[in-house]
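Take a look at the structure set out below.
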Amino acid sequence: MTTKSAAAAARATVYGYPRQGRHRELKKAVEGYWKGRVTADALRATAAGLRRANWRQLAEAGIHEVPTGDFSYYDHVLDTTVMVGAIPARHRAAVAADPLDGYFAMARGTQDAAPLEMTKWFDTNYHYLVPELSPDTVFSADSAKQVAELTQALALGLAARPVLVGPVTYLLLAKPAPGAPAGFEPLTLLDRLLPVYAEVLADLRAAGATWVQLDEPALVQDRSPAELNAVARAYRDLSALTDRPRLLVASYFGRLGEALPVLAKAPVEGLALDFTEAAAANLDDLAAVGGLPGKRLVAGVVDGRNIWVNDLEKSLSTLGTLLGLADRVDVSASSSLLHVPLDTAMERDIEPQILRWLAFARQKTHEIVTLAKGLARGTHTIAAELAANRADLASRAGSPITRDPAVRSRAAAVTEADARRSPAYPERAAAQRAHLGLPLLPTTTIGSFPQTDELRTARAALRGGRLDTAGYERRVEAEIQQVISFQEKAGLDVLVHGEAERDDMVQYFAERLTGCLTTRHGWVQSYGTRCVRPPILAGDISRAEPMTVRWTTYAQSLTDRPVKGMLTGPVTMLAWSFVRDDQPRGDTARQVALALRDEVTDLEATGTSVIQVDEPALRETLPLRAADRAAYLSWATDAFRLTTSGVRPDTQIHTHMCYAEFGDIVRAIDELDADVISLEAARSHMQVAHELAAHGYAREAGPGVYDIHSPRVPSAGETARLLRTGLRAVPAERLWVNPDCGLKTRGWPETRASLENLVAAARTVREEISRS
Ligand code: GLN
Ligand code: ZN
């Protein structure tokens with residue numbers, strides 16, 4: 001095929017679309033079903049309506065092939081588990097009794113059966129349910145959901161392409177089921193799984209599918225030769241089937257690297273690749289393997305996971321290059337649009353001019369269609385769109401929001417010394433000991449206390465205009481009084497104000513920082529029915545005025561004990577936001593760090609001696625490829641240190657991280673140079689404390705002794721036992737006593753009892769130490 005006919009054939013497509021609906025109808029229907037207020041039929045009807053509305057919208061916009069099967073009541077990996085019949089033994093009876101209830105039982109657990117574990121979908125903020133497999137797993141095909149959704153789309157007269165999680169990625173995302181022999185690798189089940197995929201493909205073919213997409217994002221991670229062999233085998237076998245649809249293997253979230261030649265050689269009919277900035281290497285790699293002669297290439301040139309308007313001319317130039325490398329080139333987003341909000345048109349509070357810099361799912365669809373049209377019929381056919389796009393890009397680039405000279409010169413003047421605390425830790429620790437006068441095994445909490453009904457009501461009333469700011473602030477002060485008085489009575493040593501003023505630990509700061517935008521309707525699915533509205537770090541970031549000082553100083557005015565100031569760190573601010581794409585992430589992190597550094601300075605100046613900077617997301621945004629990790633950890637730790645290094649030696653800096661595999665980042669944790677770190681540890685029986693110790697971690701640490709993910713109240717005896725385990729890893733002079741994480745999601749009664757037990761346990765163990 002010539003380049004010219006490859007261009008003429010160019011079409012627009014997407015891999016997936018936001019599932020929740022304009023007003024989160026799906027969330028409401030599913031939660032209503034759980035509460036017994038919505039019938040199963042009504043839930044199904046809502047779901048079918050949402051799918052129909054999405055497809056119509058896509059088709060009307062000019063998307064040629066709509067995706068099917070990307071819809072989910074909860075999670076598409078869980079849907080795949082159902083499709084291949086890998087129901088864990090403990091849920092089989094529930095699934096047999098009622099497939100829908102059994103499905104939700106796997107997602108959420110029941111009285112007697114734990115849910116599947118949940119974890120992050122690659123480096124996004126979407127969470128999937130982890131398949132549990134063992135050598136005994138018997139797969140069996142259940143194509144009902146895939147076939148029904150395809151049939152629904154075809155009946156609307158649409159060209160449709162089912163999208164499935166590919167077999168290799170499915171196995172690589174799985175973990176050994178409880179009881180599986182040590183060292184069991186789910187990928188060894190590939191030969192058993194492929195016949196099930198073959199059956200599903202045959203069913204889809206029979207139902208009218210001409211193409212089926214198999215998603216293999218796991219191939220953008222480092223893969224061993226054995227894993228790459230498995231890929232080659234899987235696609236050789238699936239391609240060898242006689243009665244099958246054409247196969248499109250899709251990868252996204254980065255460059256394919258050594259998996260690219262393997263897929264290029266596979267006898268499938270099409271490949272979909274990421275061609276955004278982060279995966280630019282795919283272009284050269286594709287040329288290096290001689291392109292994809294005879295294959296369809298779907299080019300992900302529109303960023304599927306960030307919200308900035310596309311540079312259409314740049315994309316057209318990429319597409320132009322690709323035309324010479326494949327038989328047919330189609331245009332798409334780099335990944336499913338599941339990861340971005342639905343429609344910028346719903347945002348009334350963002351200035352119209354600024355709104356034009358943003359593209360949510362609906363706007364991205366238009367970009368894709370425009371690019372496909374330009375490619376197929378010539379750029380003169382999209383001249384108006386290109387001119388408007390040029391104007392929007394110029395407006396963004398030239399805006400004072402994008403470039404604030406004061407922020408830039410300050411960031412440029414940062415020296416290495418600004419990001420280094422002096423004196424070194426041992427001397428600081430002595431100064432802090434003298435200044436704070438804390439007992440051995442000091443007790444504290446991680447920051448938030450239960451959010452009460454009164455507080456939620458007040459917040460809703462404030463939003464609805466039924467309560468003024470002064471009234472709301474009085475409510476927050478009342479909460480702080482309650483939190484301080486409880487902590488004093490319970491006998492905690494380092495108190496917190498409880499974070500009543502914060503709805504969300506990132507949103508709160510984003511709303512107050514110059515250069516950040518927040519949305520009203522920009523919901524993105526995080527897991528199941530939980531949706532979040534990530535802020536947008538849009539421009540140069542600075543702090544106009546103190547953000548937390550008033551609440552911390554108010555709390556401190558109520559007590560003689562030290563109250564810990566509480567901030568969200570720069571790495572976490574980036575991780576849970578949409579970040580500008582016109583400069584390296586490290587530059588944005590540095591600006592956020594400088595803004596937060598001002599807050600740290602102000603807290604110290606107003607009498608705060610202990611300041612905690614939370615970085616629960618440090619491990620989360622670790623790059624997918626090992627080769628990219630050092631650079632990330634370097635800017636990330638720099639940003640943390642820049643935030644925290646402007647204080648006196650006797651001011652104590654804490655940090656906090658939630659559960660993660662710390663092995664990969666233990667060195668980076670050390671390089672944060674925080675005086676105290678609190679970590680989640682209760683469920684793993686202090687294992688992280690041992691990991692830190694094994695690394696030679698020499699500062700103070702508080703491995704959590706109270707599991708806050710459960711309403712269960714741990715007894716004082718149990719807490720003391722965990723503390724004694726902790727003492728085997730961290731010596732008493734450096735061990736803190738605290739819960740695993742914030743208490744925001746807990747109720748007051750269990751919080752009260754658990755913290756009283758925690759203080760009692762600390763006292764018991766202190767006595768044991770003084771007697772020995
Ligand atoms: N300070 C925060 C809180 O207690 C920390 C939350 C987190 O680590 N996710 O809520
Ligand atoms: Zn936490």
Filtered residues of segment 430-447 (kept if farther than 22 Å from Glu604 by Cβ and within 16 Å of ligand 1 (Cβ to nearest atom))
Thr443
Condition check for Val676: without any contact (Cβ under 8 Å) to a residue 40 or more places away in the chain, of a type outside the set (Ser, Thr, Tyr) and within 15 Å of ligand 1 (Cβ to nearest atom)
no
Which one is nearest to Gln652 (Cα to Cα) among residues in segment 393-420 that are in a helix (DSSP H, G or I) and of a type in the set (Ser, Thr, Tyr)?
Ser409
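On the basis of being surrounded by fewer than 20 Cβ atoms within 10 Å (Cβ to Cβ) and of a type outside the set (Ser, Thr, Tyr), does Asp243 make the cut? Show your work before the answer.
Values: surrounded by fewer than 20 Cβ atoms within 10 Å (Cβ to Cβ): yes; of a type outside the set (Ser, Thr, Tyr): yes.
Criteria met by Asp243.
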Would you call Phe139 within 27 Å of the chain's Cα centre (by Cα) and modelled with pLDDT of 95 or more?
no
Considering only residues that are of a type in the set (A, V, I, L, M, F, W, C), within 16 Å of ligand 1 (Cβ to nearest atom) and crowded, with 22+ Cβ neighbours inside 10 Å, which ones fall in segment 738-772?
Cys741, Leu743, Leu755, Leu758
Could you list, in sequence order, the residues of segment 732-754 that are more than 16 Å from ligand 2 (Cβ to nearest atom) and in a helix (DSSP H, G or I)?
Ala732, Glu733, Arg734, Trp748, Pro749, Glu750, Arg752, Ala753
Close pairs from segment 260-274: first under 16 Å from Gly300 (Cα atoms) and touching a residue at least 24 places away in the same chain (Cβ under 8 Å), partner polar (S, T, N, Q) and outside any loop (DSSP other than H, G, I, E, B), Cβ under 6 Å, at least 6 apart:
Leu273/Asn282
Within segment 4-29, restricting to residues that are hydrophobic (A, V, I, L, M, F, W, C) and not in a loop (DSSP other than H, G, I, E, B), the one that is surrounded by the fewest Cβ atoms within 10 Å (Cβ to Cβ) is Ala8
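Counting only residues that are under 30 Å from Ser577 (Cα atoms) and either in contact (Cβ under 8 Å) with a residue 60 or more places away in the chain or not acidic (Asp, Glu) (or both), give me the helices (runs of 4 or more DSSP H) lying completely in segment 36-127 with at least 3 of them.
Numbers: elements: 40-61, 76-83, 92-97, 99-108.
Result: 40-61, 76-83, 99-108.
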Keeping to segment 466-509, report how many residues are within 19 Å of Leu758 (Cα to Cα), hydrophobic (A, V, I, L, M, F, W, C) and within 15 Å of ligand 1 (Cβ to nearest atom).
5
Could you tell me which of the residues Gly320, Gly294, Gly324 is surrounded by fewer than 24 Cβ atoms within 10 Å (Cβ to Cβ) and at positive phi?
Gly294
Counting only residues that are part of a loop (DSSP other than H, G, I, E, B), in contact with a Ser or Thr (Cβ under 8 Å, 6 or more places away or on another chain) and within 30 Å of Ala424 (Cβ to Cβ), how many does segment 680-731 have?
3
Criterion: assigned to a loop (DSSP other than H, G, I, E, B), surrounded by 24 or more Cβ atoms within 10 Å (Cβ to Cβ) and not β-branched (Val, Ile, Thr) - qualifying residue of Leu603, Leu622, Leu618
Leu618
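Among the listed residues Thr651, Thr655, identify the single one that is within 16 Å of ligand 1 (Cβ to nearest atom) and not aliphatic (A, V, I, L, M).
On the way: Thr651 fails: within 16 Å of ligand 1 (Cβ to nearest atom).
It is Thr655.
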I need the full set of residues from segment 185-239 which are under 28 Å from the mean Cα position of the chain (by Cα), surrounded by fewer than 19 Cβ atoms within 10 Å (Cβ to Cβ) and either of a type in the set (D, E, K, R) or assigned to a loop (DSSP other than H, G, I, E, B) (or both), in order please.
Glu185, Asp222, Ser224
Could you go through segment 659-667 and let me know if any residue there is closer than 23 Å to Glu416 by Cβ, within 16 Å of ligand 1 (Cβ to nearest atom) and modelled with pLDDT under 95.
yes
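To keep it simple, each residue is scored yes or no on (1) surrounded by 12 or more Cβ atoms within 10 Å (Cβ to Cβ); (2) modelled with pLDDT of 95 or more; (3) of a type outside the set (Gly, Ala, Ser).
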{"residue": "Leu337", "(1), (2), (3)": "yes, yes, yes"}
{"residue": "Ala359", "(1), (2), (3)": "yes, yes, no"}
{"residue": "Leu371", "(1), (2), (3)": "yes, yes, yes"}
{"residue": "Gly374", "(1), (2), (3)": "yes, yes, no"}
{"residue": "Ala384", "(1), (2), (3)": "no, yes, no"}
{"residue": "Ala394", "(1), (2), (3)": "no, yes, no"}
{"residue": "Ile401", "(1), (2), (3)": "yes, yes, yes"}
{"residue": "Val407", "(1), (2), (3)": "yes, yes, yes"}
{"residue": "Ala417", "(1), (2), (3)": "no, yes, no"}
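Kindly establish whether Gly539 is more than 14 Å from ligand 1 (Cβ to nearest atom), out of contact with any strand residue (DSSP E or B) (no Cβ under 9 Å at 6 or more places or on another chain), modelled with pLDDT of 95 or more and outside any loop (DSSP other than H, G, I, E, B). Write out each step before concluding.
Working: more than 14 Å from ligand 1 (Cβ to nearest atom): yes; out of contact with any strand residue (DSSP E or B) (no Cβ under 9 Å at 6 or more places or on another chain): no; modelled with pLDDT of 95 or more: yes; outside any loop (DSSP other than H, G, I, E, B): yes.
Against the criterion (more than 14 Å from ligand 1 (Cβ to nearest atom), out of contact with any strand residue (DSSP E or B) (no Cβ under 9 Å at 6 or more places or on another chain), modelled with pLDDT of 95 or more and outside any loop (DSSP other than H, G, I, E, B)), Gly539 does not qualify.
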Within the group Thr519, Thr548, which residue is touching a residue at least 24 places away in the same chain (Cβ under 8 Å), within 25 Å of Pro450 (Cα to Cα) and among the polar types (S, T, N, Q)?
Thr548
Quick check on Ala639: is it under 30 Å from Tyr252 (Cβ atoms), touching a Gly at 6+ places or on another chain (Cβ under 8 Å) and in a helix (DSSP H, G or I)?
yes
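Can you name every residue in segment 8-25 that is touching a strand residue (DSSP E or B) at 6+ places or on another chain (Cβ under 9 Å) and not β-branched (Val, Ile, Thr)?
Restricting attention to segment 8-25, the residues satisfying the condition of being touching a strand residue (DSSP E or B) at 6+ places or on another chain (Cβ under 9 Å) are 9-20, 24.
Within segment 8-25, Ala9, Ala10, Arg11, Ala12, Tyr15, Gly16, Tyr17, Pro18, Arg19, Gln20, Arg24 meet the criteria.
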So which of Val610, Val647, Val705, Val676 is surrounded by 24 or more Cβ atoms within 10 Å (Cβ to Cβ), touching a helix residue (DSSP H, G or I) at 6+ places or on another chain (Cβ under 6 Å) and modelled with pLDDT of 95 or more?
Val705
Could you look through segment 89-143, keep only residues that are of a type in the set (Gly, Ala, Ser) and within 24 Å of Glu661 (Cβ to Cβ), and pick out the one that is surrounded by the most Cβ atoms within 10 Å (Cβ to Cβ)?
Ala107
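Can you find, within segment 421-439, the residue that is surrounded by the most Cβ atoms within 10 Å (Cβ to Cβ) among those that are in a helix (DSSP H, G or I) and of a type in the set (A, V, I, L, M)?
Going residue by residue through segment 421-439, those that are in a helix (DSSP H, G or I) are 425-436.
Those still in the list that are of a type in the set (A, V, I, L, M) too: 429-431, 434, 436.
Values: Ala429: 21, Ala430: 13, Ala431: 15, Ala434: 9, Leu436: 17.
Step by step, filter segment 421-439, then rank; the result is Ala429.
The values are calculated or read from the model by the stated rules, or taken from the named source; none is laboratory data. All figures in this text were calculated on a predicted structure; none of them were measured in a lab. In this analysis, Cβ positions are derived from the backbone assuming ideal geometry, glycine residues included, and neighbour counts consider all displayed protein chains.
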